Protein chains: 2
Amino acid sequence: MTRGTGTGHGSGNGPGNGSGTEDRRTDPFAGISPPARLAAPDEAIGPDELALATRNHGLPLEAMRYAVTPAGLHYVLTHYDIPAADADTWQLTVRGRVSSPLTLDLDTLMSLPAATQRVTMECAGNGRARLSPRPVSQPWLLEAVGTAEWTGVPLRTLLAAADVAPDATEAIFTGADHGVERGVEQDYRRSLPLAVAAAAHPEVLVAYAMNNAPLPPQHGFPLRLIVPGWYGMAHVKWLHEIVLTASPFTGFQQATAYRYRRTPDDPGEPVTRIAPRALLIPPGFPDFMSRTRVVHPGPVPLEGRAWSGQAQVTRVEVSYDNATTWHSADLAPTDPAHPWSWRHWHTTWTATPGPHVLTPRATDAEGHTQPTIQPWNRGGFGNNLAQRVEVVCLPT
Amino acid sequence: MTRGTGTGHGSGNGPGNGSGTEDRRTDPFAGISPPARLAAPDEAIGPDELALATRNHGLPLEAMRYAVTPAGLHYVLTHYDIPAADADTWQLTVRGRVSSPLTLDLDTLMSLPAATQRVTMECAGNGRARLSPRPVSQPWLLEAVGTAEWTGVPLRTLLAAADVAPDATEAIFTGADHGVERGVEQDYRRSLPLAVAAAAHPEVLVAYAMNNAPLPPQHGFPLRLIVPGWYGMAHVKWLHEIVLTASPFTGFQQATAYRYRRTPDDPGEPVTRIAPRALLIPPGFPDFMSRTRVVHPGPVPLEGRAWSGQAQVTRVEVSYDNATTWHSADLAPTDPAHPWSWRHWHTTWTATPGPHVLTPRATDAEGHTQPTIQPWNRGGFGNNLAQRVEVVCLPT
């Protein structure tokens, strides 16, 4: 580990403080970098949303059969481009309000004691395209989720080695992906409260492996932050810098994007932990185009996964009559080794000929549950409206 | 290798012959399995197309930087669901018009002499969403492509072992994915002319590895057909049966889907080999929402890949003025080891402030090139209309 000879409890210069370091030359981007907007009531998915949907992708829901999502099936959301990364020259720096700034190459980082965590990750925008009015952005339906085994160095190890100053309150994480968003040219950058960044439970990781292999490019090769229980925007990919600061980070992805707000002027609340959700593996077989499911009369095994970043999921119920009546499903036992992973659930439904709507619903230990009438916010974040699976049961 | 004790030059019963074996009970699926249709002139992407776009995914174009596409970045198109597959019990059968029917488990298959081929694969529907009127199906823009190293047993080895009958003319390949499409319940099934199936150049593979690892579930685990030079619909995933027949296969994916036709009644021509295409890695950096590219004035390196399933690509040109004038790009030397892989190309563009449209165009050794005015057919197949990359160069 290289200890820098920097300024110790330094000036806080650098990427930490929003408008000073994120280029706000709005004019040059006026024609190409639109403001946030809501779709009109009858407005279908536009070419911009389609371009995002064909680049990024969700988890095909039948892949919830795997407790750990195989490579390439975990959801991916890339704000800008996947950057080219050279493992041989990659460096992670830890600086700002620290006594001992660090600069670590990958070999050094990988020589430190490592931890592995199985983490269910979900995009904060999952469910956005089901909202009305629809916030115009990546148009997720329900599939922006995945569970992986992430291996890396606990962030608290690095913070201890850097000797964080007593007045530090946040850690700011910078990725190598660069672009413009709503007129703001930026590297992707997010912060965490120091209490979260340095915690042991859950333990934040600087991960270099996913499912026991080097990170794939689209998941942040060579380094990615992993923040168990938080929505995906916190898990900064292509991580190369950590800056400790004594003042709140006001960068675009913290203060402008990723806030629960009702109106454009509402300062809103920050998006943090994952709201509870249960998803059902759609039973039977699909129609190619409508994706409607087809089953035959009789017992139909149903299974899926359920998770919450707020507390352990304690109950999954399923409705077979479009969210009118509910039946308890069987939850797999809690696994102390994987407190941040989704839980498997299953039950059996007796199908009768005709159309049906199946709906699962999760509740966690703190009593958070899923709505069956849509919640709404301007960014389309944290929409855990219960799933609706349309099934047609054929005649006997 | 287990040699079956079957009927030798058998009856041809089985999945070979279309309507007798694909369930055409149209009525039960009437409300859920729509016919093929074209979008109205002003019709945006619908919920059905979005559901396909969030499940399937393309290659983020910047990932063309990799000669071999890393796991999870290669395009994926799944007609129905990714089936659950048990490697321990999986069997591949070869039967029909053969003297010695075969039943092989994976261990046996993997003990046979193997070959590896680097193959560029593209979905036949790539470019569909750029057509007007737009055929309603998986709404690809340009990104349904990828290149992988596939390892497996040459199909001609298996055909020789099965001793194909002199009157056999086609081989029919069945995957384990099951669904309904335009009212037809079916397993995914495609045929090849025997001359293609048994050829040495290109050599068709029964692949069990992709990029030196077992096939991922979404790419056909445990077995997938690889047909170098052909569009993706020929590369049957989750392959478990090969039937030799003496008559043309009339199954849905052969006789109804995947045909170049202008009208619903046109019998059309079959979709086979990949038309030439060059793609440019979009230069500079993107706006998140519009995906418009931003560059600074001065020299801008441009690079990309070009391929054709019809003949070697011999020329790539680039236009910087919306397909008005053309400039030759530098093509990487041909690589005799990888005749079915895309070729790298590069050039340098001098950007001046303002908006620009960049367009690459490939031409192959047989003189096939890319149109700059859209071709059109009802299925939206083989649309190799040249790419348009919108770039804004900032002021000096």
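Quick notes
- In region A:223-242, the residues that are over 29 Å from A:GLN312 (Cβ atoms) and either open to solvent by 10 Å² or more (accessible area, probe 1.4 Å) or among the hydroxyl-bearing types (Ser, Thr, Tyr) (or both): A:HIS240, A:GLU241
- Any hit, region A:58-71, residues being surrounded by fewer than 24 Cβ atoms within 10 Å (Cβ to Cβ) and closer than 14 Å to A:PHE221 by Cβ: yes
- Counted residues, region A:328-360 - those being over 14 Å from A:VAL391 (Cα atoms), in a loop (DSSP other than H, G, I, E, B) and not hydrophobic (A, V, I, L, M, F, W, C): 7
- Enumeration of residues in region A:19-36 that are at pLDDT 90 or above and surrounded by 14 or more Cβ atoms within 10 Å (Cβ to Cβ): A:PHE29, A:ILE32, A:SER33, A:PRO34, A:ALA36
- Flag for B:ILE274 being touching a helix residue (DSSP H, G or I) at 6+ places or on another chain (Cβ under 7 Å), at pLDDT 95 or above and of a type in the set (Val, Ile, Thr): no
- Looking only at region B:272-283, and only at residues there that are within 14 Å of another protein chain (Cβ to nearest Cβ) and assigned to a strand (DSSP E or B), the one that is surrounded by the most Cβ atoms within 10 Å (Cβ to Cβ): B:LEU280
- Scanning region A:286-326 for residues that are out of contact with any Leu (no Cβ under 9 Å at 6 or more places or on another chain), open to solvent by 20 Å² or more (accessible area, probe 1.4 Å) and within 14 Å of chain B (Cβ to nearest Cβ) gives A:SER290, A:PRO301.
- Check on B:GLY127, within 22 Å of the chain's Cα centre (by Cα), open to solvent by less than 20 Å² (accessible area, probe 1.4 Å) and farther than 17 Å from B:TYR208 by Cα: yes
- Count of region B:229-245 residues which are within 16 Å of B:VAL196 (Cβ to Cβ) and out of contact with any Phe, Trp or Tyr (no Cβ under 7 Å at 6 or more places or on another chain): 8
- Within region B:361-396, considering residues that are within 14 Å of chain A (Cβ to nearest Cβ) and in a strand (DSSP E or B), the one most open to solvent (accessible area, probe 1.4 Å): B:GLU390
- Any hit, region A:230-248, residues being small (Gly, Ala, Ser) and farther than 16 Å from A:VAL119 by Cβ: yes
- Candidates in region A:243-271 are the residues that are polar (S, T, N, Q) and open to solvent by 50 Å² or more (accessible area, probe 1.4 Å); of these, the one that is modelled with the highest pLDDT is A:THR250.
- Filter pass, A:PRO286 being within 28 Å of B:ALA176 (Cβ to Cβ), free of Cβ contacts under 8 Å to residues at least 12 places away in the same chain and part of a strand (DSSP E or B): yes
- For region A:57-91, a tally of residues being small (Gly, Ala, Ser) and more than 7 Å from chain B (Cβ to nearest Cβ) returns 3.
- When B:VAL196 is tested against (1) open to solvent by 40 Å² or more (accessible area, probe 1.4 Å); (2) outside any strand (DSSP E or B), exactly one condition is not met: (1).
- Pair list, Cβ < 6 Å and 6+ apart or interchain, from region A:326-345 residues that are charged (D, E, K, R) to residues that are crowded, with 20+ Cβ neighbours inside 10 Å: A:ARG343/A:ALA306; A:ARG343/A:VAL313
- Residues that are at the interface with another protein chain (Cβ under 7 Å from one of its Cβ atoms) and either of a type in the set (Phe, Trp, Tyr) or in contact (Cβ under 8 Å) with a residue 12 or more places away in the chain (or both) within region A:33-49 comprise A:SER33, A:PRO34, A:ILE45, A:GLY46, A:ASP48, listed in sequence order.
- Of the residues making up region B:72-89, those that are open to solvent by 30 Å² or more (accessible area, probe 1.4 Å) and not hydroxyl-bearing (Ser, Thr, Tyr) are B:ALA84, B:ALA85, B:ASP86, B:ALA87, B:ASP88.
- When restricted to residues that are touching a strand residue (DSSP E or B) at 6+ places or on another chain (Cβ under 7 Å) and part of a loop (DSSP other than H, G, I, E, B), region A:297-327 contains 11.
The values are calculated or read from the model by the stated rules, or taken from the named source; none is laboratory data. As the structure is a prediction and not an experimental result, all values here were calculated from the model. Cβ: placed from backbone, ideal geometry, glycine included. Neighbour counts: every protein chain shown. Protein only, heavy atoms only, side chains kept; ligands, DNA and RNA dropped before computing areas. Shrake-Rupley method; radii C 1.70, N 1.55, O 1.52, S 1.80 Å.
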